[in-house]
1. Quick check on my filter: what residues within the stretch 47-99 are part of a helix (DSSP H, G or I), more than 20 Å from the chain's Cα centre (by Cα), polar (S, T, N, Q) and exposed (fewer than 13 other Cβ atoms within 10 Å of the Cβ)?
2. Checking the conditions here, which among Met117, Met111 is modelled with pLDDT under 55, closer than 26 Å to Lys205 by Cα, crowded, with 17+ Cβ neighbours inside 10 Å and more than 21 Å from the chain's Cα centre (by Cα)?
3. Here are some residues: Leu282, Leu273, Leu256, Leu207. Which one is free of Cβ contacts under 8 Å to residues at least 60 places away in the same chain, over 20 Å from Phe10 (Cβ atoms) and not small (Gly, Ala, Ser)?
4. Restricting attention to the stretch 183-225, which residues are part of a loop (DSSP other than H, G, I, E, B) and not hydrophobic (A, V, I, L, M, F, W, C)?
5. Given the criteria at pLDDT below 85, surrounded by 24 or more Cβ atoms within 10 Å (Cβ to Cβ) and touching a Ser or Thr at 6+ places or on another chain (Cβ under 7 Å), does Gly160 qualify?
6. With the requirement that a residue be in a helix (DSSP H, G or I) and over 11 Å from Gly224 (Cβ atoms), what does the stretch 164-173 give you?
7. Considering only residues that are outside any loop (DSSP other than H, G, I, E, B) and in contact with an Asp or Glu (Cβ under 8 Å, 6 or more places away or on another chain), look in the stretch 17-40 and name the one that is modelled with the lowest pLDDT.
Amino acid sequence: MSNDNILFAFGLTLFAGLATAIGGMIAFFAKRTQTSFLAFSLGFSAGVMIYISLTEILTKADQTLRLSFSNEQAAWFTFISFIGGIALSAVIDKILPSEGNPHELKRIEQMNPGINMPDTTECGGGKHRRHGLHHQRDRKLMRIGIFTAVAIGIHNFPEGIATFMAAMSDITIGISIAIAVAIHNIPEGIAVSVPVYYATGSKRKALLWSVLSGFSEPVGAAAGYFILSMFKSDIILGFVFAMVAGIMIYISFDELLPAAHKYGKHHVAIYGLISGIIVIGLSLILL
């Protein structure tokens with residue numbers, strides 16, 4: 001592992017993780033949620049991840065394991081590790097608090113609810129709201145925002161491992177995955193910033209929490225680096241690559257496509273999915 005490759009892989013993972021900040025900023029500057037754009041983008045990300053997982057990463061895992069096992073044994077180990085990656089993601093999903101579930105998407109319009117806009121000193125009228133139900137509502141919304149940030153952080157940890165490991169294996173694949181992960185992190189940034197802003201009236205706090213939620217991906221990259229440093233044998237790498245493929249497949253089917261559909265644009269999401277497959281397929285052949 002050269003230092004340049006390691007730094008580049010870390011940089012890609014940091015870029016993907018901090019895309020949550022883009023979602024936080026969009027929530028402040030856009031007036032309405034561009035549902036068609038988000039649905040297409042999420043579908044596109046799913047297409048990229050699914051294609052790369054099944055044609056590149058899973059194949060590489062099988063080929064790596066064949067160096068140490070028979071073809072049949074390698075096929076079984078690849079399959080079991082692939083299912084293990086899916087199971088790991090499912091377990092992480094299961095233990096997350098439902099109140100901060102990152103699948104519960106927020107819209108930008110929720111930051112502009114007219115007469116229900118937060119009346120803090122930053123927004124005007126702060127003297128008239130610090131009592132009773134307002135306090136209760138603010139605490140609940142703030143808790144939802146923080147839970148969402150923590151949940152997204154936990155959720156994105158394996159994505160950091162996947163992005164880093166893919167970049168260390170093949171730069172082109174790493175870049176493709178990083179872009180796909182970054183796209184799907186944008187609405188997650190909105191999901192964090194909306195309740196925090198609505199509770200506090202502070203854009204700064206809302207943006208801060210959306211940024212913090214993305215830092216788990218570089219932490220995941222550090223875990224990937226630890227794995228590569230401690231276990232340099234082909235056997236371990238084959239298992240890890242197969243698990244990474246499983247993680248990405250779970251993300252695609254459990255997060256990206258359902259999220260695209262929740263924006264109410266089914267066919268647009270499918271067009272994005274097909275476009276993602278075509279674009280990544282052509283780029284891998286041409287590059």
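The values are calculated or read from the model by the stated rules, or taken from the named source; none is laboratory data. Small disclaimer: the values here were computed from a predicted structure and weren't measured. Glycine gets a Cβ as well: all are built from the backbone with ideal geometry, and neighbour counts include every protein chain shown.
1. Asn71, Gln73
2. On the way: Met117 fails: crowded, with 17+ Cβ neighbours inside 10 Å.
Matching residue, one of Met117, Met111: Met111.
3. On the way: Leu273 fails: free of Cβ contacts under 8 Å to residues at least 60 places away in the same chain; Leu256 fails: free of Cβ contacts under 8 Å to residues at least 60 places away in the same chain; Leu207 fails: free of Cβ contacts under 8 Å to residues at least 60 places away in the same chain.
Going through Leu282, Leu273, Leu256, Leu207 in turn, just one is free of Cβ contacts under 8 Å to residues at least 60 places away in the same chain, over 20 Å from Phe10 (Cβ atoms) and not small (Gly, Ala, Ser): Leu282.
4. Looking only at the stretch 183-225, we keep the residues that are part of a loop (DSSP other than H, G, I, E, B), and these are 201-202, 214-215.
Gly201, Ser202, Gly214, listed by residue number.
5. On the way: at pLDDT below 85: no; surrounded by 24 or more Cβ atoms within 10 Å (Cβ to Cβ): yes; touching a Ser or Thr at 6+ places or on another chain (Cβ under 7 Å): yes.
No: the conditions fail for Gly160.
6. Taking the stretch 164-173 as the starting set, the residues that turn out to be in a helix (DSSP H, G or I) are 164-169, 171-173.
Matches in the stretch 164-173: Ile171, Thr172, Ile173.
7. Initially, the stretch 17-40 is screened for residues outside any loop (DSSP other than H, G, I, E, B), giving 17, 19-29, 35-40.
Okay, now just the ones that are also in contact with an Asp or Glu (Cβ under 8 Å, 6 or more places away or on another chain), so 17, 20, 23.
On the way: Gly17: 89, Thr20: 86, Gly23: 81.
Filtering the stretch 17-40 for residues that are outside any loop (DSSP other than H, G, I, E, B) and in contact with an Asp or Glu (Cβ under 8 Å, 6 or more places away or on another chain), the one modelled with the lowest pLDDT comes out as Gly23.
Results for (1) at pLDDT 90 or above; (2) among the polar types (S, T, N, Q); (3) in contact with a Lys or Arg (Cβ under 6 Å, 6 or more places away or on another chain); (4) in a helix (DSSP H, G or I), shown as yes or no for each residue.
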position	(1), (2), (3), (4)
Ile227	no, no, no, yes
Lys232	no, no, no, no
Leu237	no, no, no, yes
Val240	no, no, no, yes
Ile247	no, no, no, yes
Glu255	no, no, no, yes
His261	no, no, no, yes
Ile277	yes, no, no, yes
